[in-house]
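The values are calculated or read from the model by the stated rules, or taken from the named source; none is laboratory data. All figures in this text were calculated on a predicted structure; none of them were measured in a lab. All Cβ positions, even for glycine, are placed from backbone atoms using ideal geometry, and neighbour counts span all protein chains on display.
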C-alpha cells in the first residue's frame, strides 16, 4: 500500500508486526566533508543552510572524524573520501541506502543497495561514485537498484523515514521527492505500506521533522507537516512513545536523530542542548539513552547527524 489516506494507512500499519527485519542497522558508512563548502544549488531549497562565510572546512573535518570515532564504538562504521566537486557528499543517506527483503516472504533474496535520484545537479554527481557502488556490489555482494537515471526526484532516507521493524515508510513530498519518486522508493525498499504527505512550506526533507527510533518510538515536529492530521496519526501509531518536538527543538535538528542500537538515540550536541526537559524524560521512558556529537560546523550545510549516516542493513 502507498497512499495519502491517513486513516487507510493507520489501519494497515497497525496490522504490521515487527517482523519485517532488524529495527536498527548492522553497520553504517560516512563520506568525509572534503571540499566542504556552500553548494548554492542546494541552498535554494534548504532554509537550514548558513551563508558561505559560516562554512569552516577544517572544523567540519574534525567534527566528522569525531563522529566516525563515536559511531565506530557502537557498530562497524566505514568512511569514504569526499571530493571538492561534491560539497554536500557528507550527507550520503540521500543518495545511497540499503534494504533487506522481507525475510519471511523472500528468504533467499540478496540485500540491496538503492541509489537515489537527487534534485540538484551538484548532488547527482555523488550517485555515479564507482567506489561506493563497488564496495556494496563487488565486496559485500549487494544487488543494486539504480533510481538515479530516471527523472523523478527521490532523495532516499532524507525524504523517506522508514520503520524497518514493520516495513513502513513515511514520505515527505517536496521539490526533492515527488509522488512518482516516492512510489519508486516504496518498491525499491519493498515496504509494506507508505504514507505520502506534503511537508510544510520551507521544509525540504522528512528526516528533519520526523525520526522513527528502533521501530518503537517517534520524534515528531508537527510544524514541519502541511496537514496537522499527519503528525497526529503518526503520534497515534507510536503512542505512548510519540514525542512531540517544539519549533525550537526542530530548528536545532533534534528531529534529525537516529537509533543505531535498541537503547540509544544519536543526535548532534546542538540538538541535545535544545531538548526540553519533557523531551528528555520521554526518551528515557521509551528506553533511549541520548548520545551526541558536536557538529556545529557541519550543520552550517543544512543537515545534521542523521543526514551524515548511511545505514547498512
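When we screen 125, 110, 117 for residues that are at pLDDT below 95 and either closer than 19 Å to residue 177 by Cα or touching a strand residue (DSSP E or B) at 6+ places or on another chain (Cβ under 8 Å) (or both), the only hit is 110. Inside the range 31-63, residues that are farther than 25 Å from residue 175 by Cα and either part of a loop (DSSP other than H, G, I, E, B) or modelled with pLDDT of 95 or more (or both) make up a count of 11. For residues that are part of a strand (DSSP E or B) and either without any contact (Cβ under 8 Å) to a residue 12 or more places away in the chain or over 13 Å from the mean Cα position of the chain (by Cα) (or both), scanning just the range 156-177, find the one that is nearest to residue 211 (Cα to Cα). If we take residues in the range 156-177 being part of a strand (DSSP E or B) and either without any contact (Cβ under 8 Å) to a residue 12 or more places away in the chain or over 13 Å from the mean Cα position of the chain (by Cα) (or both), then 168 is nearest to residue 211 (Cα to Cα). The single residue among 17, 54, 32, 70 that is over 26 Å from residue 213 (Cβ atoms), touching a residue at least 24 places away in the same chain (Cβ under 8 Å) and surrounded by fewer than 17 Cβ atoms within 10 Å (Cβ to Cβ) turns out to be 54.
Let's see how each residue does on (1) over 26 Å from residue 176 (Cα atoms); (2) under 13 Å from the mean Cα position of the chain (by Cα):
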residue: 240; (1), (2): yes, no
residue: 268; (1), (2): no, no
residue: 280; (1), (2): yes, no
residue: 307; (1), (2): no, yes
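For the range 143-155, the criterion of being out of contact with any strand residue (DSSP E or B) (no Cβ under 7 Å at 6 or more places or on another chain), part of a helix (DSSP H, G or I), at pLDDT 95 or above and surrounded by fewer than 18 Cβ atoms within 10 Å (Cβ to Cβ) is met by none of the residues. Select from the range 198-213 the residues that are buried (at least 24 other Cβ atoms within 10 Å of the Cβ) and in contact (Cβ under 8 Å) with a residue 60 or more places away in the chain and write down the one among them that is nearest to the chain's Cα centre (by Cα). Only one residue fits best here, namely 207. Can you pull out every residue in the range 184-218 that is in a helix (DSSP H, G or I) and touching a strand residue (DSSP E or B) at 6+ places or on another chain (Cβ under 6 Å)? The answer is 184, 185, 186, 188, 189, 206, 207. Would the range 11-29 turn up any residue that is touching a helix residue (DSSP H, G or I) at 6+ places or on another chain (Cβ under 9 Å), modelled with pLDDT of 95 or more and in a strand (DSSP E or B)? Checked against the condition, which is being touching a helix residue (DSSP H, G or I) at 6+ places or on another chain (Cβ under 9 Å), modelled with pLDDT of 95 or more and in a strand (DSSP E or B), the range 11-29 yields at least one hit. Scanning the range 259-290 for residues that are surrounded by fewer than 19 Cβ atoms within 10 Å (Cβ to Cβ) and either on the phi > 0 side of the Ramachandran plot or in a strand (DSSP E or B) (or both) turns up 261, 264, 287, 289, 290.
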